[in-house]
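This report refers to the structure that appears directly beneath it.
The values are calculated or read from the model by the stated rules, or taken from the named source; none is laboratory data. Note that this is a predicted model, so its numbers are computed, not measured. For neighbour counting, all protein chains shown are included, and Cβ atoms are generated from backbone atoms with ideal geometry for every residue, glycine included. Keep in mind that these areas ignore ligands, DNA and RNA; they rest on the heavy atoms of the full protein, side chains included. Shrake-Rupley method; radii C 1.70, N 1.55, O 1.52, S 1.80 Å.
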Amino acid sequence: MSAIGKALCHSRLWGADGPKRKHYADFISTLIKAAEAHEILRKIPIGGGDAWRLSPAALRLHVAMPSSEDAKANAFFRDLYTSVATSLGEPGALTFSFEAREHTAQVENDVRQWREDRFRFEEADRQRILSNKELMKDKEEPDSFLPMMFCSPTMELGVDISALSTVYLRNAPPTPANYAQRAGRAGRSGQAALVVTYCAAQSPHDQYYFNDRKQLVAGQVKPPALDLANRDLLASHIHAEWLATARVPLAASIPQNLDMDNTDGFPVAEEHLRAFERAKQNTQLPLDLKAIIDTVTPYVELEAFPDLADPETLIESVIAAASGDFDTTFERWRDLYRGALREQGDADQVRNKTNVAPGERKAAANRYKLAADELEMLVHGRATNGSDFYTYRYLATEGFLPGYNFPRLPLYAFIPAMRGTAVLQRPRFLAISEFGPNSLVYHEGRAFRITKAKLPAGRRSDDGNLATETLLLCGQCGAAETSAVAERCQACGSSLGEAERLDSVFRIENVETYPTARITANDEDRQRRGFEIQTVFAWTGDPGDVQTIRLKHGGASLAALSFGRRAKITRLNKGLKRRAEKAICGFVIDPLTGRWLADKNNDDGTGAEPGKSRQQRIVPVVEDHKNSLLLIPDPSFGFNLPEMATLQHALVRAIEISESLEEGEMLGEPMPNRDDRRALLLYEATEGGAGVLSRLMNTPGRWQSLARSALELMHYTFDDKGEFVDGNNPCVEACYRCLMSYYNQPDHENLDRTNRKVIDFLLAMAASDTVKANRASPPRDGGSGPWISRINDWELPAPSATTVDGHKHDLYWPGQLLLAVPGGASENLIASCTARGIDVLDLPADPPATIPANLAQYFGK
Ligand SMILES: [Zn+2]
Ligand SMILES: [Zn+2]
């Protein structure tokens, strides 16, 4: 019984005949009904049930006499309320003069500078404020002293506020370097300053530094981890040099760099193209670039990075494609521009029709204005003001030029703000849920609903519907196959016969929002429970680009690891988590306007009324390329879901700690999905990647030491005799010092550091051998050697050699028309063999002790 229940049923009120425990529920509901009838309580619906709120009219406030004897009074709050009450009673405007402002990247550059002036408020600042007074008034920025600013990491970037006396950090900064930057804002010119750092109890990162404060304040500033051999990163730097050689200053606004008279495709301006052509002929450029890249190569293991091993070819190919790539980089802008033009044209037609309802005309006028504001923003990029469509910034955001202050290839949400359109940017992997259909986003204190997806022209099929894709999701490893007729998974070779099939996948680029006046309890519940997001992957490039190694211990296989650079990671939004029919995925959209429509049958019906509009169900996705690693534990371990979850978080955190990564820089996803975990996909979330995964693949002993780090993280140690022992101060199953983190809360109940199978796996891994295998390339001379001797042991007919597509294969039985491929056959090999009527059989890279069943059946064994 709750405290209020006890008080209500107390014998003080009733004597001996008070309500009994079994009557309590009835008693409370009767009481609530009565209170409701007398308007003391008001019923409000929340989520799936009802709640009651005390009516303000039923509150009576009394003056209380301060009593020094009341031991229960909290001295802090008593003093706080009395002092606020006293200051409210005093003449002057003190209480209402509190003012604090944002200083973040979302604030326009000039407003940000005014705020810095107001915050410093020294002689020079006051002069500037005076000269900007009219402009400031225009944007509703006061000209008085600003006592407080709320800052995002933009404040780290060299903003000088000499008079700053106090810095409050709302959590522990990621690294000692960030701490030095942020805390260093205060106490300049030798004056004293106070820096307060708040460490959240639920953040392992904050707790880690709280326990080791010295390391944060006076710790070593580690150089950032960056994958120097990342092709995108190298290409963007080559582009920068190439553009400098072309000596063509780009105009600040994007359309000034394009031929806007050519409405067919708004190609790059003729003048630019001529300059690019000249740059291509420049013979000095490749030499200069080679010299730059040569400064990088000593730090890279060239064997693992074919691009860097041959820098001349890399430079040549990037320069050859640069002009074309420059052109395609503007494709997203062109889509946005065309979309806004079309929207404006449509609205204009309605506006000028003679017989439309007055409401419709007004709505059209509003749409016209929104489209005009958007065009204004797209067309007038400026070098100042942090304009998102300033040409150089746009080229960096799209990854053509280097730039690290903002997410690469973000999704945009267009916001009809007070003055013109504003745009919110989010990294695309977050945007798939945060900008999900009918979600809410916030901007300058107001809520906006994501009402529309911006649909670029040319993505509709002839019937007017959106051209969607089909994905086959491998039920073993989670790889996504885009060819609907594929029979085998390209990553693990298993059959796709029973693979999950998603037929209406559609890539979302950007979204539109509309201000929302009210946020309902339904919205809160929707936001809280969120979407069912699934991550899948596909290797890119040639099959031979995927590196594969196998960890073995005492002859038994522990795990197969495959690493691919720039693997395509796709995140799918399958629908609301709480939707009625789980098998029905996606959202209903109007394929003509992009408006998200209400889906009353399957989700909660938030969204526009369909009316007469065309309807199409799509599964929104976003894609990006990331260095990725697939870890498949040997099936003989038979790990269940909690064991896979424990292993996942142990390995991810061990990588974070041993590679000094921030939380979230290395992500792990269970494959094929959260409910069925057979493999683990690790990928580098940072721009360009940190190069950690390729080091794991190429440095001998890395996995072994990683397994030891994971065990140490789980509070285990090895004593003097090398015996494995539990640590000094361990937790029971998991805690924030070991496996739990703020980010893996959905998995907390699955984590168990004492699970014997996981421990044995990690112990074996710590003592494992690494065996290189390259599954995609055919076995080299003697590569099938162990298999041939085993096949002899098993008394199978001796295989002969055959050549397919120029590659020699040793395990071919002409009588059976059978080719067996240790380590699995590539897609191309399977295709070529199928064309000749040859069966292809995937074998493990190394022969097992007994004859594999699939091989045996061909020989009647
Ligand atoms: Zn697979
Ligand atoms: Zn623990």
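Quick grid of which residues meet (1) away from ligand 2 (no atom under 16 Å from the Cβ); (2) surrounded by fewer than 17 Cβ atoms within 10 Å (Cβ to Cβ):
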position	(1), (2)
Leu641	yes, yes
Val652	no, no
Glu665	yes, no
Glu669	yes, no
Leu693	yes, no
Tyr716	no, no
Asn728	no, yes
Val732	no, yes
Cys738	no, no
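Taking strands (runs of 3 or more DSSP E) as the structural unit, those lying wholly within region 422-529 and holding at least 1 residues that are within 16 Å of ligand 1 (Cβ to nearest atom), without any contact (Cβ under 8 Å) to a residue 40 or more places away in the chain and under 22 Å from Ala583 (Cβ atoms) correspond to 469-473, 500-507. Across region 158-176, not a single residue is classified as assigned to a helix (DSSP H, G or I) and of a type in the set (D, E, K, R).
Within region 293-300, is even one residue open to solvent by 70 Å² or more (accessible area, probe 1.4 Å), at pLDDT below 90 and within 31 Å of the chain's Cα centre (by Cα)? Taking every residue of region 293-300 in turn, at least one turns out to be open to solvent by 70 Å² or more (accessible area, probe 1.4 Å), at pLDDT below 90 and within 31 Å of the chain's Cα centre (by Cα).
All conditions in (1) under 20 Å from Ala479 (Cα atoms); (2) out of contact with any Leu (no Cβ under 9 Å at 6 or more places or on another chain) hold for Ala825, with the sole exception of (2).
Can you tell me how many residues in region 789-839 are acidic (Asp, Glu), under 20 Å from Gly544 (Cα atoms) and part of a loop (DSSP other than H, G, I, E, B)? Qualifying residue count, region 789-839: 1. For region 278-296, indicate whether the set of residues that are closer than 30 Å to Ile655 by Cα and in a helix (DSSP H, G or I) is non-empty. Looking for residues that are closer than 30 Å to Ile655 by Cα and in a helix (DSSP H, G or I), one finds at least one in region 278-296, hence yes. Among the residues here, Leu597 qualifies as closer than 28 Å to Arg529 by Cβ and modelled with pLDDT of 90 or more. Regarding region 696-707, can at least one residue be identified that is over 30 Å from Asp232 (Cα atoms) and within 16 Å of ligand 2 (Cβ to nearest atom)? The answer is no, given that none of the residues of region 696-707 is over 30 Å from Asp232 (Cα atoms) and within 16 Å of ligand 2 (Cβ to nearest atom).
Any residue at all in region 371-382 that is closer than 25 Å to His272 by Cα, at pLDDT below 80, open to solvent by 40 Å² or more (accessible area, probe 1.4 Å) and part of a loop (DSSP other than H, G, I, E, B)?
yes
Among the helices (runs of 4 or more DSSP H) confined to region 684-772, the ones with at least 3 residues that are over 30 Å from Gly399 (Cα atoms) are located at 702-713, 756-766. Across region 785-812, the qualifying residues are those that are of a type outside the set (D, E, K, R) and touching a Ser or Thr at 6+ places or on another chain (Cβ under 7 Å), and the one among them that is most open to solvent (accessible area, probe 1.4 Å) is Tyr812. Of the residues making up region 740-750, those that are modelled with pLDDT of 90 or more and open to solvent by 40 Å² or more (accessible area, probe 1.4 Å) number 1.
In region 813-834, the residues that are assigned by TED's automatic domain parsing to the domain that holds Glu795 and open to solvent by 20 Å² or more (accessible area, probe 1.4 Å) never reach a residue that is basic (Lys, Arg) and part of a helix (DSSP H, G or I) with C-beta atoms less than 7 angstrom apart, at least six apart or across chains. Residues of region 851-861 that are open to solvent by 80 Å² or more (accessible area, probe 1.4 Å) and touching a residue at least 40 places away in the same chain (Cβ under 8 Å): Lys861 alone. The residues in region 470-506 that are touching a Lys or Arg at 6+ places or on another chain (Cβ under 8 Å) and open to solvent by 50 Å² or more (accessible area, probe 1.4 Å) can be counted, and the count is 2. Of the residues making up region 521-550, those that are open to solvent by 50 Å² or more (accessible area, probe 1.4 Å) and of a type in the set (S, T, N, Q) are Asn522, Gln527.
Test of understanding: among Glu669, Glu643, Glu665, which residue is among the acidic types (Asp, Glu) and modelled with pLDDT under 85?
Just one listed residue meets the conditions, Glu665.
The set of residues in region 11-61 that are β-branched (Val, Ile, Thr) and open to solvent by 50 Å² or more (accessible area, probe 1.4 Å) comprises Thr30, Ile40, Ile46.
Each row is one residue, and each column tells you yes or no for (1) under 30 Å from Asn854 (Cβ atoms); (2) in contact with a strand residue (DSSP E or B) (Cβ under 8 Å, 6 or more places away or on another chain); (3) modelled with pLDDT of 90 or more.
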{"position": "Pro456", "(1), (2), (3)": "no, no, no"}
{"position": "Leu466", "(1), (2), (3)": "no, yes, yes"}
{"position": "Leu473", "(1), (2), (3)": "yes, yes, yes"}
{"position": "Thr482", "(1), (2), (3)": "yes, yes, no"}
{"position": "Glu509", "(1), (2), (3)": "no, yes, no"}
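Residues in region 242-258 that are in contact with a Gly (Cβ under 9 Å, 6 or more places away or on another chain) and either at positive phi or assigned to a loop (DSSP other than H, G, I, E, B) (or both): how many? So the count comes out to 2.
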